[in-house]
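To start, the structure under review is shown below, and the notes come after it.
The values are calculated or read from the model by the stated rules, or taken from the named source; none is laboratory data. Because the structure is predicted, anything quoted here is derived from the model rather than measured. Cβ placement follows ideal geometry from the backbone for every residue including glycine, while neighbour counts extend to all protein chains displayed. Heavy atoms of the whole protein, side chains included, go into the accessibility calculation; ligands, DNA and RNA do not. Shrake-Rupley method; radii C 1.70, N 1.55, O 1.52, S 1.80 Å.
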Amino acid sequence: MALSILDGVQQGIVIGDGGYLLELERRGYVDSGSEREKVGTGRGSGQFTPEVAIENPDALRGLHHEFLRAGAQVLQALTFFATREKLSRAGFGAHTESINAAAVRLAREVAGTRAMVAGSVARTQLFEREGPSAAGHVRDLLSEQIQLLKAAEVHFLILETFFHLEEMLIGLKCAATTGLPVIATMSFRPTTERCSDGYTPAECAKRMANAGAALVGANCEQEPARMLPMLRAMRVAVGDRVGIAAQPAAFRTTDQTPCFTKLGQFPDDLETIQVSRKDFREFGRQARREGIGYVGGCCGCNAVYIRALAHGVAD
Ligand SMILES: [Zn+2]
């Protein structure tokens with residue numbers, strides 16, 4: 001295992017793991033919310049929260065093992081959507097501390113000395129629900145979760161799936177107080193040209209790098225082939241100042257709707273737009289050729305995809 005994520009990237013490409021929430025939803029341990037509301041609006045309430053960490057820890061432990069065996073050098077604690085307000089909307093607000101602590105503990109247990117453990121921090125959804133006036137509340141929520149992850153002794157943080165750059169920059173400010181290295185990746189929808197508050201991938205990359213991220217990039221929403229041009233634009237914007245990170249989704253999007261969470265197939269018909277594992281093998285090859293520092297998978301990526309990615313990196 002590399003001593004730190006920064007050493008790892010220095011030595012070559014680091015292989016992350018895949019998407020936990022969608023895989024555990026398919027296995028029956030996570031609630032998508034689709035029986036109660038229209039999912040995919042960006043404003044969702046109960047769906048896709050990580051209470052599996054305390055309710056069915058064996059299911060989460062098992063998935064960590066699968067990713068590790070597939071070649072992941074990093075295990076992400078399943079702390080995605082584990083800010084207090086999001087958990088409260090799902091009925092688990094009182095368990096904020098225990099969910100974050102348990103998720104990190106499980107990842108550390110499985111990782112041992114074989115992998116690094118990252119704390120995952122996602123958008124709060126409050127910028128989508130309430131607009132920029134939510135900034136103060138967002139700061140408190142992200143700060144609380146990031147302190148919980150630091151206390152649980154993650155090796156570094158992954159700030160991911162932010163739609164608004166403004167919210168990402170708040171997260172990066174909170175993260176800076178921990179002294180932990182940070183990977184920062186935006187998610188672009190409804191278009192790949194600009195994030196929800198109007199910044200291009202290149203502008204996002206620059207601003208995230210200036211705010212202290214060690215690696216910047218994109219995650220979720222697009223399949224590898226559609227994400228690659230965005231990563232190249234980010235690379236040009238930041239040069240060699242910081243590394244590039246990518247965790248694409250494993251779903252086929254369209255020119256008209258280049259983000260899978262806005263497609264009609266999300267969340268109950270995703271099997272029909274799954275991309276092949278070969279796309280991830282090819283992405284691994286390209287990522288290594290282009291000097292991308294960190295590659296993993298997001299939604300739709302189970303161990304099959306991470307194994308293919310690892311093979312591609314090694315080809
Ligand atoms: Zn995703």
Would you please give the residues with an amide H less than 5 Å from that of VAL117, counting only those at least 5 places away or on a separate chain, with H modeled from the backbone geometry? LEU75, HIS155, PHE156
Are there GluC sites (Glu not before Pro) in the range 158-193 that DSSP puts in a loop and that have at most 16 other Cβ atoms within 10 Å, and which ones? GLU193
Can you compute the helix-only [θ] at 222 nm over the chain? Use -39500 (n - 2.57) per DSSP H run of at least 4 residues, normalise by all residues, nearest 500 deg cm²/dmol. -13000 deg cm²/dmol
With the other protein chains left in place, how much accessible area per residue, in square angstrom, belongs to the range 1-104 at a 1.4 angstrom probe? 39
Got a sec? What order do SER34, SER196, SER133 fall in by accessible area at 1.4 Å, biggest, i.e. largest, first? SER133, SER196, SER34
Looking only at GLY12, GLY179, GLY93, which one moves most when the chain is put into a Gaussian network model with springs between Cα atoms under 10 Å? GLY179
Please list, short to long, the whole-number percent of alpha-carbon pairs of the range 156-210 in consecutive 5 angstrom bins beginning at zero. 5, 22, 34, 22, 11, 6, 1
Largest fluctuation, GLY42, GLY19, GLY112 only, Gaussian network model of the chain with Cα springs under 10 angstrom, belongs to GLY112
Charges at C-beta only: +1 for Lys and Arg, -1 for Asp and Glu. How large is the resulting dipole of the chain about its Cα centre, in Debye rounded to 20? 640
Set Lys and Arg Cβ to +1 and Asp and Glu Cβ to -1, take the dipole of the range 40-95 about its Cα centre, and tell me which of LEU87, HIS64, PRO50 lies farthest positive. LEU87
Selection of trypsin sites (Lys or Arg not before Pro), the range 1-54, meeting DSSP coil and at most 14 other Cβ within 10 Å: ARG27, ARG36, LYS38, ARG43
Computed about the Cα centre, the charge dipole of the range 176-287 from +1 Lys/Arg and -1 Asp/Glu charges at the Cβ has a magnitude in debye, to the nearest 20, of 400
Of HIS64, HIS164, which has the most accessible area and how do the rest follow, probe 1.4 Å? HIS164, HIS64
What does the accessible area per residue of the range 150-262 come to in Å², with a 1.4 Å probe and no ligands, DNA or RNA counted? 35
Among PHE260, GLY12, SER98 - extreme Cα towards positive end, dipole of the chain, charges at beta-carbon: GLY12
If eta is 1.002 mPa s and T is 20 °C, what Stokes-Einstein diffusion coefficient results for the chain, Kirkwood Rh from Cα pairs, in µm²/s? 114
Cα-based Rg (one decimal) and Dmax (whole number) for the range 2-62, in Å? 16.0, 47
Normalised contact order of the chain, rounded percent, pairs of Cα under 8 Å and 6 or more residues apart: 20
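Please report, in debye to the nearest 20, how large the charge dipole of the range 173-239 is about its Cα centre when each Lys and Arg carries +1 at its beta carbon and each Asp and Glu carries -1 there. It would help to have the intermediate numbers written out before the result.
Numbers: 8 positive and 5 negative charges, 29 e Å.
Here the size comes out at about 140 debye.
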Quick one: what are the phi-derived ³J(HN,Hα) couplings along the range 106-122, Karplus 6.51/-1.76/1.60 with θ = phi - 60°, whole Hz, x for glycine and proline? 4, 5, 5, 4, 6, 5, x, 9, 8, 8, 7, 10, 10, x, 9, 10, 10
Checked against a 21 Å limit on the C-alpha separation, the offending pairs among LYS38/LYS86; LYS206/LYS278; LYS150/LYS206; LYS38/LYS262 are LYS206/LYS278; LYS150/LYS206
In whole Å, how far is the Cα centre of the range 21-95 from that of the range 98-148? 12
Find which of ALA134, ASN219, LEU148 sits farthest along the positive direction of the dipole of the chain, computed with +1 on the beta-carbon of Lys and Arg, -1 on that of Asp and Glu, about the Cα centre. ASN219
Heavy-atom accessible area of ILE13 with all protein chains present, probe 1.4 Å, nearest 10 Å²? 30
Taking the Cβ-Cβ separation of ASP7 and GLU37 as r and a Förster radius of 45 Å, what is the calculated FRET efficiency to the nearest 0.05? 0.55
With both bridge residues required to lie in the chain, what share of the DSSP beta bridges run antiparallel, to the nearest 5%? 5
Taking θ = phi - 60°, what integer Hz values does the Karplus form 6.51 cos²θ - 1.76 cosθ + 1.60 yield along the range 260-268, in sequence order, with x for Gly and Pro? 5, 6, 9, 7, x, 6, 8, x, 9
Could you look at the chain and say what percent of its accessible area is carbon and sulfur, using a 1.4 Å probe and all protein chains? 48
